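Step one of this worksheet: look at the structure below.
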Amino acid sequence: QVQLVESGGGLVQPGGSLRLSCVASRNISSLYIMGWYRQAPGKERDMVALGTSGGRIAYADSVKGRFTISRDIAKNTMYLQMNSLKPEDTAVYYCYVILGGSPYWGQGTQVTVST
């Protein structure tokens, strides 16, 4: 099992930046899939970015060129750098991993992009 704790959300103006962090309760070097999802009010939870231990990364079309996923194995931490934020990026962002074939989610962190 693994516990995931996100942080870094908040209120930001359009065009601004935020960096989300996800700290895992165990070493992440062996995790094959790690990533971020988001869920806006009244909508389904959608993939934002997914990465594999082999270095493959996929981004949702809506965030390509603006968001970057990365990880620091020494800190058991995954990041989502979000630049050029838009109001439509407003959502609860969830950290996600697959361990032993089972999915695990963090509790979510709210990101609000508004003037």
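The values are calculated or read from the model by the stated rules, or taken from the named source; none is laboratory data. Note that this is a predicted model, so its numbers are computed, not measured. Cβ atoms come from the backbone with ideal geometry, glycine included; neighbour counts cover every protein chain shown. Accessible surface is based on the protein model in full, side chains and every heavy atom, while ligands, DNA and RNA are left aside. Shrake-Rupley method; radii C 1.70, N 1.55, O 1.52, S 1.80 Å.
Checked against (1) of a type outside the set (Lys, Arg); (2) under 15 Å from Ser53 (Cβ atoms); (3) in contact with a Phe, Trp or Tyr (Cβ under 9 Å, 6 or more places away or on another chain); (4) surrounded by 15 or more Cβ atoms within 10 Å (Cβ to Cβ), Tyr94 meets all criteria but (2). Of note, Gly106 does not satisfy the criterion of being farther than 19 Å from Val12 by Cα and open to solvent by 60 Å² or more (accessible area, probe 1.4 Å). Being assigned to a loop (DSSP other than H, G, I, E, B) and within 14 Å of the chain's Cα centre (by Cα) holds for only one residue in Gln1, Gln107, Gln81, and it is Gln107.
Here is a yes/no grid of residues against (1) in contact (Cβ under 8 Å) with a residue 24 or more places away in the chain; (2) within 21 Å of Gln1 (Cβ to Cβ):
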{"residue": "Ser25", "(1), (2)": "yes, yes"}
{"residue": "Glu44", "(1), (2)": "no, no"}
{"residue": "Ala74", "(1), (2)": "no, no"}
{"residue": "Thr77", "(1), (2)": "yes, yes"}
{"residue": "Met82", "(1), (2)": "yes, no"}
{"residue": "Asp89", "(1), (2)": "yes, no"}
{"residue": "Val113", "(1), (2)": "yes, no"}
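Scan region 23-67 for residues that are closer than 18 Å to Thr112 by Cα and either open to solvent by less than 70 Å² (accessible area, probe 1.4 Å) or of a type in the set (A, V, I, L, M, F, W, C) (or both) and the total you get is 11. When Gly101 is tested against (1) open to solvent by less than 50 Å² (accessible area, probe 1.4 Å); (2) within 19 Å of Gln1 (Cβ to Cβ), exactly one condition is not met: (1). Quick one: Ala58 ticks every box in (1) assigned to a loop (DSSP other than H, G, I, E, B); (2) more than 19 Å from Val111 (Cα to Cα); (3) free of Cβ contacts under 8 Å to residues at least 40 places away in the same chain except a single one, so which number is it? Going through the list (1) assigned to a loop (DSSP other than H, G, I, E, B); (2) more than 19 Å from Val111 (Cα to Cα); (3) free of Cβ contacts under 8 Å to residues at least 40 places away in the same chain, Ala58 breaks only (1). Every listed requirement among (1) touching a strand residue (DSSP E or B) at 6+ places or on another chain (Cβ under 6 Å); (2) over 18 Å from Val12 (Cβ atoms) is met by Arg56 save one, (1).
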